[in-house]
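Enquirer: The structure's right below; bear with me while I get my questions together.
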Amino acid sequence: MIPLMHDFEGETVLVVGGGAVGARKARRFAAEATVVVLSPAFADRDFGDARLVRAAPTPDGVADWVERVDPALVVAATDDAALNEAAATAARDRGALVNRADDHGAQDFGHVVVPATVRDDPVTLAVATGGNAPALSKHLRERFEDEFEHAGAMAELVGDIREDLRERGVSPDDRRAAVRSVVSSWEVWKALDSGRSKAEQVATDVIGDLPGDQL
């Protein structure tokens, strides 16, 4: 599977299943998409801003719900394999993407995996284990959170540095070298603890030590 970033703004996501897994999936997408959760009962969990629809679709009837909601993505998150398969088939028939919470093997065309993510805008880190080891995904996500603290601030810092160097006529090769030196500098990462101004000062010192510096 090829990792891609998908914009769900203005789209609808249909989650079939109101258990703990359905709640987690609903929370993930509700920040951006319109989420509809379909289930005869709902777990005592946070579903974000999702719209909860109390209904008990059958494998024969779930296609009607998919047609009615017209989602960009269908999440099949029930404990009924036949119902999940029917929801996935209905989604594919309408050209929608499919995420099956109970399918961890070979994936059919149009199937997507929702990875464990760390977000520090504008940086997003994601890890997936093909559904084989959710505990490992969670462990790696937690390590990423610790190791890459301030990743968003670093991205904004080096973005500004690149633009400044470009405007000052620094060659592309030297711009790339400067940015690499900043992002690989432990001193700059540490300085981000003290704020942007301190990090800029340290980054300037790091760039100034580059061979053939044009600044």
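The values are calculated or read from the model by the stated rules, or taken from the named source; none is laboratory data. Note that the structure is a prediction, hence the values are computed from the model and not measured. Neighbour counts are summed over all protein chains in view; Cβ atoms, including those assigned to glycine, are modelled from backbone coordinates with ideal geometry. Keep in mind that these areas ignore ligands, DNA and RNA; they rest on the heavy atoms of the full protein, side chains included. Shrake-Rupley method; radii C 1.70, N 1.55, O 1.52, S 1.80 Å.
Enquirer: Note down all Cβ pairs under 8 Å where the first residue falls in region 32-56 and is touching a residue at least 60 places away in the same chain (Cβ under 8 Å), the second is open to solvent by 80 Å² or more (accessible area, probe 1.4 Å) and hydroxyl-bearing (Ser, Thr, Tyr), and they're at least six residues apart or on different chains.
Expert: Every condition considered, no pair remains.
Enquirer: So, one more: For region 52-62, indicate whether the set of residues that are assigned to a helix (DSSP H, G or I), closer than 22 Å to ASP93 by Cβ and among the aliphatic types (A, V, I, L, M) is non-empty.
Expert: Within region 52-62, the subset assigned to a helix (DSSP H, G or I) is 62.
With the extra rule that they be closer than 22 Å to ASP93 by Cβ, the set shrinks to 62.
Okay, now just the ones that are also among the aliphatic types (A, V, I, L, M), so 62.
Within region 52-62, one or more residues are assigned to a helix (DSSP H, G or I), closer than 22 Å to ASP93 by Cβ and among the aliphatic types (A, V, I, L, M).
Enquirer: Would you point out the residue of region 8-39, among those that are closer than 20 Å to ARG119 by Cα and assigned to a loop (DSSP other than H, G, I, E, B), that is modelled with the highest pLDDT? Steps first, please.
Expert: Step one: of region 8-39, the residues closer than 20 Å to ARG119 by Cα are 8-9, 23-33.
If we keep only those that are assigned to a loop (DSSP other than H, G, I, E, B) as well, we get 8-9, 31-33.
Values: PHE8: 93, GLU9: 93, ALA31: 88, GLU32: 91, ALA33: 96.
Filtering region 8-39 for residues that are closer than 20 Å to ARG119 by Cα and assigned to a loop (DSSP other than H, G, I, E, B), the one modelled with the highest pLDDT comes out as ALA33.
Enquirer: Check ALA133, ALA116, ALA151, ALA126 and return the single one that is within 30 Å of ALA23 (Cβ to Cβ), free of Cβ contacts under 8 Å to residues at least 12 places away in the same chain and of a type in the set (A, V, I, L, M, F, W, C). So that I can check it myself, show each step before the final result.
Expert: Working: ALA116 fails: free of Cβ contacts under 8 Å to residues at least 12 places away in the same chain; ALA151 fails: free of Cβ contacts under 8 Å to residues at least 12 places away in the same chain; ALA126 fails: free of Cβ contacts under 8 Å to residues at least 12 places away in the same chain.
After ruling out the rest, the residue left standing is ALA133.
Enquirer: On the given criteria, is ASP160 in a helix (DSSP H, G or I) and under 18 Å from the mean Cα position of the chain (by Cα)?
Expert: Details: in a helix (DSSP H, G or I): yes; under 18 Å from the mean Cα position of the chain (by Cα): no.
No; evaluated as a whole, the condition is false for this residue.
Enquirer: Let me ask something additional. Quick one: which of GLU145, GLU187 is in a helix (DSSP H, G or I), on the phi < 0 side of the Ramachandran plot and at pLDDT 90 or above?
Expert: On the way: GLU145 fails: at pLDDT 90 or above.
Only one candidate qualifies: GLU187.
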